[in-house]
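Asker: Have a look at the structure that comes next, please.
What follows draws every value from the coordinates through simple rules; no lab data is involved. This is a predicted model, so every value here is computed, not measured. Neighbour counts run over all protein chains shown; Cβ positions are idealised from the backbone, glycine included.
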Amino acid sequence: MEIPYAAGATRTPRASLPPAVSTLEDPDRDDDAALLAGLRARQPAAFERWVRREAGRLLGVARRLLRNEDDAREAVQEAFLSALRALPQFHGEARLSTWMHRIVVNAALMRLRTRRRKPEQPIEDLLPAFLADGHHAAHPCEWALSPEALLGREETRRLVREAIDHLPESARVVLVLRDVEELDTTTVAGLLGISAGAVKVRLHRARQALRALLDPHLRRGDL
Amino acid sequence: MTCREFVEFLADYLDGALTSDESGRFDRHLAACPSCVAYMKGYRDAIRLGQAALLSTDEPVPGAVPEKLLEAILRARESAP
């Protein structure tokens, strides 16, 4: 299986957000070489160590894309087997963790493509409306609280996740890949088989739609 | 610049992908349009809320591998060619 990886493909740095989860720390860097040697030598202990090191994080990635626990676990399982098959073609162009991240994203996207699509609200219904002269049809209001104040509440996190789940899938996937998994536009375009321009349009629409879904709750200070 | 145009190119503006002339037009529109100031703030906040909500976890040990998943992966490896 060809693993789509572009040398130099980057994660987009994310400003002013809590650290740690969004960056790949390097305690595993020294481990990579020894781990790779063990994997290429088909050592069972190396494989188990690799799974224990990566699977939890990869499960989080798969969950965010698939929103179904069974599917997410199966995607992670498929990802490890795919990675083993592709190992002869991996020459250390990227960190092992980065490479695995890409593989599990691919595995999750392949699962999404085989799923039956449920009826979705057209994203156009969630985009802002404008008058003939270009002014907002409904004047936007600022939200009552900052993200930092809101995110301490489980109710907010649940609301936001539900709003993201409500997005049309093509929009939701781009939002997750770009804004959460921090894959750059070119990489996302390759993974989805669409143009970079299409990625940008979908992302912008997804963000607008998310704002629209959250607005009725956050402007009233419900949370 | 209209509000419609402002919203249409908002992502490029926030990404710093506009020319200085174009950014200047955006800045001038923001200075005169409280509605677009509010819209932009909500747009940015929605991005941050989405990121943080999806990355937060309620699991007791974030990043832990469920043992059943580990076992399934190891079993699959054994039976793979």
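Asker: Between B:A76 and A:H166, what's the calculated FRET efficiency when r is the beta-carbon distance and R0 is 30 Å? Round to 0.05.
Answerer: Working from the Cβ atoms, E equals 0.30.
Asker: Just to verify a number: FRET efficiency for A:D70 and A:D125, C-beta to C-beta distance, R0 = 30 Å, to 0.05?
Answerer: That gives a FRET efficiency of 0.45.
Asker: Contour minus end-to-end for A:E93 and A:R49, with contour as 0.36 nm per residue of separation and end-to-end as the Cα-Cα distance?
Answerer: My answer for the length gained is 13.7 nm.
Asker: Is the shape of chain B best called rounded, prolate or oblate, per the rule: a/c under 1.5 gives rounded, else a/b larger than b/c gives prolate, else oblate, with a ≥ b ≥ c the square roots of the Cα gyration tensor eigenvalues?
Answerer: It comes out prolate by the Cα gyration axes.
Asker: In whole Å, what three semi-axes, largest first, describe the equivalent ellipsoid of the stretch A:90-139 built from its Cα gyration tensor (square root of 5 times each eigenvalue)?
Answerer: Listed largest to smallest, the semi-axes of the stretch A:90-139 are 41, 19, 7 Å.
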